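Engineer: Take this structure, written in C-alpha cells, and hold onto it; I'll ask about it next.
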Amino acid sequence: MSDDDAAAQLPAGPAARYLAAWELVPDGGARDDDGALVLPVRTRAGDPALLRISAPGARSEHEHLALRLWGGRGAVRLLRAEPADRALLLERTGERDLHALPVLEACRVLGELTRALARPPRPPFPRLSAAARQWREDLAGAAELDARFPRRFRLQAVKNLEQLLRGELDTALVHQDLHHGAVRAAQRSPWLAAGADPVLGTPEFALVPALWRRTEQAGHGGALAAALEDRIEALSLAAGADPERLRAWALVRFAVAARAGTARPTGAPHRELSRLVQLCKAVQRGA
C-alpha cells in the first residue's frame with residue numbers, strides 16, 4: 001500500500017483531530033459501538049489503547065467521571081478525555097467477552113463486577129429515583145401499550161415502582177448497562193467493564209441487564225423461569241444484592257423496554273415484545 005493509500009484510509013473529522021492532538025497511531029480498523037466510533041490505536045509510547053468518540057446526545061455525558069472514580073478497579077482505565085467532544089482514550093482490552101463463559105459463571109462475574117464498581121453516591125450523576133418517578137407516571141398512563149403488552153404487567157410494574165420509591169434508590173454509583181457484551185477479558189485482570197453507563201442507583205437495578213441477555217437458549221415457560229431463578233440467585237450472591245428487589249426491578253425494566261419499543265417510529269418487532277412478555281412471566285415468583 002502506498003503512503004497516499006494509507007493516508008486515504010485514516011479516519012476523518014473528530015477522530016483525525018484527536019489522533020493528531022493526542023499523538024496516536026491507528027492500530028486497526030474503526031468500528032461502530034452502539035453509535036460510538038471506536039478505533040484501536042497506539043500511543044506515542046507504543047502502548048495499545050482505544051479511541052472512542054460518542055455521538056452528541058448519547059448517554060455518555062458522565063462516562064469519563066465514572067471511569068476516573070473507578071480508577072481501573074473493575075473497569076478499563078481512562079487515559080485521556082475531552083468531555084466536550086465525548087472523546088475518550090481507554091485502556092485496550094481483548095475481544096473475548098462474557099459470551100465465552102457458561103451463563104451462570106458469567107452471572108457470577110457480572111455480580112462481582114457490580115459489587116466492585118459500586119461507589120458512594122455523589123453529584124453530578126443522574127439519579128435512579130428521578131427516572132423511577134418518571135417511569136411510574138409514564139407506565140400508569142400508557143393504556144395504549146395494553147394492545148401489545150399485557151395490562152397486568154404494566155400495572156404490576158407501576159405497583160413495583162410505588163413500593164421501590166418508598167425506599168432509598170440513590171444509594172451508590174453503579175453501572176446500569178453491565179451485560180455480557182460490555183465486559184471484556186484483559187491482561188491485567190480476567191474481566192473488566194469496557195466502559196461506563198453510570199447512575200446513582202442500587203445494585204439490584206444494575207443487575208437486570210444480566211437477566212435479559214442470552215435468554216433464547218433457556219427456552220420458554222417453566223424452563224425460562226427456572227433459568228432466571230438460577231441467574232437471580234447467582235447474581236444476588238455475587239453482588240450481595242436482595243433477590244426480591246432484583247425481581248421487582250427486572251419486571252419494571254422489562255415493562256419500560258416494552259413501552260420504549262412501541263414508542264419507536266417503526267414500533268417494536270413482535271418477536272421483541274413477545275420475548276419481553278415471556279421474561280415478565282418468568283421473573284414472577286412461582287412462575
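Quick note: the coordinates plus some simple rules give every number you see, no bench work behind them. Quantities reported herein were computed from a predicted structural model and do not represent experimental measurements. All Cβ positions, glycine included, derive from the backbone under ideal geometry; neighbour counts span all protein chains shown.
Engineer: How far, in degrees from 0 to 90, does helix 151-164 lean away from the longest principal axis of the Cα atoms of the chain, to the nearest 10?
Structural biologist: Relative to the chain, helix 151-164 is tipped by roughly 80 degrees.
Engineer: If exposed means no more than 11 neighbouring beta carbons inside 10 Å and the site is in a DSSP loop, what's the longest run of the chain without any exposed GluC sites (Glu not before Pro)?
Structural biologist: The reported range is 169-287.
Engineer: Here's another thing I want to ask about it. Would you please give the FRET efficiency between Ser274 and Arg119, computed as 1/(1 + (r/R0)^6) with r the Cβ-Cβ distance and R0 = 41 Å, to the nearest 0.05?
Structural biologist: Calculated transfer efficiency: 0.65.
Engineer: Under 16 Å from the 7 Å Cα→Cβ point of Arg96, by amide nitrogen: which residues of the range 198-215?
Structural biologist: Output list for this probe position: empty.
Engineer: Further, regarding this structure: So if I take the alpha carbon set of the range 183-287, get Rg, then get Rh from the Kirkwood formula, what is the Rg over Rh ratio? Before the final figure, lay out the partial values.
Structural biologist: Working: Rg = 14.9 Å, Rh = 14.9 Å.
A ratio of 1.00.
Engineer: For the range 3-91, what is the relative contact order in percent, using Cα pairs closer than 8 Å and at least 6 residues apart in sequence?
Structural biologist: For the range 3-91, the relative contact order is 20 percent.
Engineer: Continuing with the same structure: How big is the range 3-91 by the Kirkwood estimate over distinct Cα pairs, in Å?
Structural biologist: On the way: mean 1/r = 0.0744 Å⁻¹.
Kirkwood radius, the range 3-91: 13.4 Å.
Engineer: Quote to one decimal, in nm, the extra length available between Gln163 and Gln134 on full extension: 0.36 nm per residue of separation minus the C-alpha distance between them.
Structural biologist: Extending this stretch completely gives an extra 9.0 nm.
Engineer: Among Leu98, His62, Pro121, which residue has its Cα furthest toward the positive end of the charge dipole of the range 49-161, with +1 on Lys/Arg Cβ and -1 on Asp/Glu Cβ?
Structural biologist: The residue sitting most towards the positive pole is Pro121.
Engineer: Could I ask something else about it? When the Cα centres of the range 20-39 and the range 246-287 are compared, how far apart do they sit, in Å?
Structural biologist: If you average the Cα positions of each part, the centres end up 34 Å apart.
Engineer: In whole Å, what is the distance between the alpha-carbon centres of the range 84-160 and the range 180-224?
Structural biologist: Centre-to-centre distance over Cα atoms comes out at 9 Å.
Engineer: With θ taken as phi - 60° and the coefficients 6.51, -1.76 and 1.60, list the Karplus ³J(HN,Hα) couplings across the range 106-114 in order, rounded to whole Hz; mark glycine and proline as x.
Structural biologist: Computed from phi, the couplings for the range 106-114 are 4, 4, 4, 4, 5, x, 5, 5, 4 Hz.
Engineer: Here is a further query. Cα gyration tensor of the range 98-283, axes a ≥ b ≥ c as square roots of the eigenvalues: rounded (a/c below 1.5), prolate (a/b > b/c) or oblate?
Structural biologist: Working: a/c = 1.72, a/b = 1.23, b/c = 1.39.
Oblate, since a/c reaches 1.5 and b/c is not below a/b.
Engineer: So what is the calculated 222 nm ellipticity per residue for the chain, using -39500 (n - 2.57) for each DSSP H run with n of 4 or more, over all residues, to the nearest 500 deg cm²/dmol? Can you show the working numbers first?
Structural biologist: Values: 11 runs with 127 residues, N = 287.
So the calculated ellipticity at 222 nm is -13500 deg cm²/dmol.
Engineer: Now, a different point. What distance in nm separates the simple spin-label points at Ala55 and Leu155, each placed 7 Å from Cα in the Cβ direction?
Structural biologist: Taking the simple label geometry, Ala55 and Leu155 are separated by 3.8 nm.
Engineer: Charges at C-beta only: +1 for Lys and Arg, -1 for Asp and Glu. How large is the resulting dipole of the chain about its Cα centre, in Debye rounded to 20?
Structural biologist: My answer is approximately 860 debye.
Engineer: Right, another one. I'd like the antiparallel share, as a percent to the nearest 5, of DSSP beta bridges with both residues in the chain.
Structural biologist: So the antiparallel bridges amount to about 95 percent of the total.
Engineer: Which whole-number percent is the relative contact order of the range 78-162 (Cα, under 8 Å, 6+ apart)?
Structural biologist: 16
Engineer: Continuing with this model, one more query. Can you give the FRET efficiency for Leu104 and Ala84, using 1/(1 + (r/R0)^6), R0 = 51 Å, r = Cβ-Cβ distance, to the nearest 0.05?
Structural biologist: It comes out at approximately 0.75.
Engineer: For helix 243-263, report the angle its Cα long axis makes with the longest principal axis of the Cα atoms of the chain; keep it between 0 and 90° and round to the nearest 10°.
Structural biologist: Value to nearest ten degrees: 70.
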